[in-house]
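Engineer: One structure, as structure tokens, below. Some questions next.
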Amino acid sequence: MTKSILITGCSSGIGLDAAQMMQRRGWRVFASCRKPEDCNRLREMGFDSPLIDYENPITFTPAIEEILAATGGTLDAVFHNGAYAIPGPLEDISPDAMRTIFQANFLGWHELTQKLLPVMRDQGHGRIVLNSSILGFIGTKWRGAYVSTKFALEGWADVMRLELESENIQVVLIEPGPITSEFRNNAIKQFEKWVDWENSRRADEYRSTLLDKLYKGSGEMKGTLPASAVSEKLFQAVTEIDPPARYRVTMPTQAMAVAKRILPQSVLDWILKRA
């Protein structure tokens, strides 16, 4: 029988590439987006595309009903992918902004998983794959809101993996580093929505450092890979009999994982302050 997977955040970047790759490899892909116009575009490309917006949990149940009606009540895997950043010093990220990004990057993932678990439990198997980040285990300046959501996700995955071990439902993290995507452009939109930098006590730092990094970028980081590198890890995560807890994508991610394990925190902080 054809296996099925739900992939979120498929309007572009990693989600779209993953949907296309999994479809090419014979899976039935439910490529969800959070905007109706993007869902329509994905349907024109030949995908099932339910509307799922992590910030609007009311979209979850209709999407799941659509998927189960199409598959006869089964779903082999889910790839949680949609997320964004709100750049800026943590002291400038309002509580409302933090609540919103946690809903989009973590709480929505949790609630959607809760609704999918009965399906996987009844069928006797399932894979829950989570797109984390190098920032899920390394914290860097100006990225604190995003880092906080990814650290939460990593802890959630570790516990959920243990709790579901006896039920043949595997929980797997993918930890990308620098990947070619629209991530910075999306972060700019969130920054302009939430951060009142001109009235910040750090306004001079914004002018001297952060604004240029955000709006101009700093060039493509060494070790940057295309979205297909993540898609390949996703395929391994849903097909390997005994997948590892984490797949690390890109050399920077692998290098920082080693550095975090062997270096004193003071040395690691010195490196990160210059990143």
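Every read-out reported here was derived from the displayed coordinates using simple, explicitly stated rules and does not represent laboratory data. All figures in this text were calculated on a predicted structure; none of them were measured in a lab. Don't worry about glycine lacking a Cβ; one is built from the backbone with ideal geometry, like all the others, and counts go over all protein chains shown.
Engineer: Taking the alpha-carbon centroid of each part, what is the distance from the range 233-275 to the range 26-59 in angstrom?
Structural biologist: If you average the Cα positions of each part, the centres end up 30 Å apart.
Engineer: Oh, and also: With +1 on each Lys and Arg Cβ and -1 on each Asp and Glu Cβ, and nothing else charged, work out how big the dipole of the range 104-196 is about its Cα centre, in Debye to the nearest 20.
Structural biologist: Using only the charged Cβ atoms, the result is roughly 320 debye.
Engineer: Could you bin all the Cα-Cα distances of the range 158-275 into 10 Å bins starting at 0 and give me the percent of pairs in each, rounded to whole numbers?
Structural biologist: For the range 158-275, the pair-distance distribution reads 11, 27, 32, 23, 7, 1.
Engineer: Report the label-to-label distance for E232 and D158 in nanometres (one decimal), using points 7 Å from each Cα along the Cα→Cβ vector.
Structural biologist: Placing both labels 7 Å along Cα→Cβ, they lie 2.8 nm apart.
Engineer: If you take the charge dipole of the range 95-247 about its Cα centre, with +1 on Lys and Arg Cβ and -1 on Asp and Glu Cβ, which of P176, S200, I128 is farthest toward its positive end?
Structural biologist: Of the listed residues, the answer is S200.
Engineer: Find me the longest stretch of the chain that has none of the exposed trypsin sites (Lys or Arg not before Pro), where exposed means in a DSSP loop (not H, G, I, E or B) with at most 13 other Cβ atoms within 10 Å.
Structural biologist: 26-200
Engineer: Hey, another quick one. Based on Cβ point charges of +1 for Lys and Arg and -1 for Asp and Glu, what charge dipole magnitude is obtained for the chain about its Cα centre, in debye rounded to the nearest 20?
Structural biologist: It works out to roughly 780 debye.
Engineer: Can I ask one more? Using all C-alpha to C-alpha distances in the range 103-201, build P(r) with 5 Å bins and read off the rounded percent in each one.
Structural biologist: Calculated over all Cα pairs of the range 103-201, the distribution is 2, 10, 18, 21, 16, 12, 9, 6, 3, 1, 1 percent.
Engineer: Could you tell me the distance between the Cα centroids of the range 164-215 and the range 73-135, to the nearest Å?
Structural biologist: Rounded to whole Å, the Cα centres lie 16 Å apart.
Engineer: Of the listed values (i) 18.8, 60; (ii) 30.0, 127; (iii) 20.4, 62, identify the label whose number matches Rg and Dmax of the Cα atoms in Å calculated from this model.
Structural biologist: Comparing each candidate, only (i) matches the computed number.
Engineer: Sequence-distant or interchain residues sharing an amide H contact under 5 Å with R28, placed H: which?
Structural biologist: Placed amide hydrogens put K3, S4, I5 under 5 Å from R28.
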